[in-house]
Amino acid sequence: MEGASEKAGDRSTNFVGHLAMICATGLGVGFFPFAPGTVGALWGLPLTWGLQHVLPAIQAVSIVAICLAGIPICTRAARYMGGLKDPGSIVLDEIASLPIVFFLIDMNNWRIAIAGFVLHRIFDITKPPPARQLERLPEGLGIMADDCAAAVYANLALRLVLWWNLI
């Protein structure tokens, strides 16, 4: 298994694996003893808020770049952590996917921010198809893809909530 050999590998491999683990766990918040995904997703709020203040095209490119960068980071971190399929302590997927929930939706209203956050967590936890199937993709791709799909669902659900004036 590559994960086991990576921990026992040379210093540069260990350093890169350790650095990937630090990033993928949201600077360690992924090790929170309960609901690490929810706690980790909170780190996505400042990122999302910051992206709200750039042009939509820049926002879209930034979201795609962050999510794509998360694939090798999560792959390396999961290997470093023993080759687990999708360790619960890896929360970069929650952090990176939260901006998708609010893409082209203004989250300056606290009710909208809370609703989007809760919808993201609901869809990430329940993983309606095809999110559940995307989770089966290999390594970091599977770790990131299911959360991105859940975030798209949350974005669409939030748009319906806003369209129906429910908040």
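The values are calculated or read from the model by the stated rules, or taken from the named source; none is laboratory data. Only a predicted model underlies this, so the values are computations on that prediction, with no experimental measurement involved. In this analysis, Cβ positions are derived from the backbone assuming ideal geometry, glycine residues included, and neighbour counts consider all displayed protein chains.
Could you say which residue among Thr13, Thr38 is modelled with pLDDT of 95 or more and buried (at least 16 other Cβ atoms within 10 Å of the Cβ)? When all the criteria are applied, what remains is Thr38. Being modelled with pLDDT of 95 or more and surrounded by 13 or more Cβ atoms within 10 Å (Cβ to Cβ) is true for just one of Leu160, Leu98, Leu55, Leu84. Which residue is that? So the residue among Leu160, Leu98, Leu55, Leu84 that is modelled with pLDDT of 95 or more and surrounded by 13 or more Cβ atoms within 10 Å (Cβ to Cβ) is Leu98. With a requirement of 2 or more residues that are touching a residue at least 12 places away in the same chain (Cβ under 8 Å) and more than 27 Å from Cys23 (Cα to Cα), the helices (runs of 4 or more DSSP H) lying completely within segment 102-167 that satisfy it span 110-126, 139-163.
In the set Ile114, Ile125, Ile167, only one residue is surrounded by fewer than 19 Cβ atoms within 10 Å (Cβ to Cβ) and in contact with a Lys or Arg (Cβ under 6 Å, 6 or more places away or on another chain); that residue is Ile167. Within segment 48-77, the set of residues being touching a residue at least 40 places away in the same chain (Cβ under 8 Å) and either part of a loop (DSSP other than H, G, I, E, B) or closer than 15 Å to Ile114 by Cα (or both) comprises Thr48, Trp49, Gln52.
Can you confirm whether segment 83-94 contains a residue that is within 17 Å of Val39 (Cβ to Cβ), of a type in the set (A, V, I, L, M, F, W, C) and not in a loop (DSSP other than H, G, I, E, B)? Checked segment 83-94: at least one residue is within 17 Å of Val39 (Cβ to Cβ), of a type in the set (A, V, I, L, M, F, W, C) and not in a loop (DSSP other than H, G, I, E, B).
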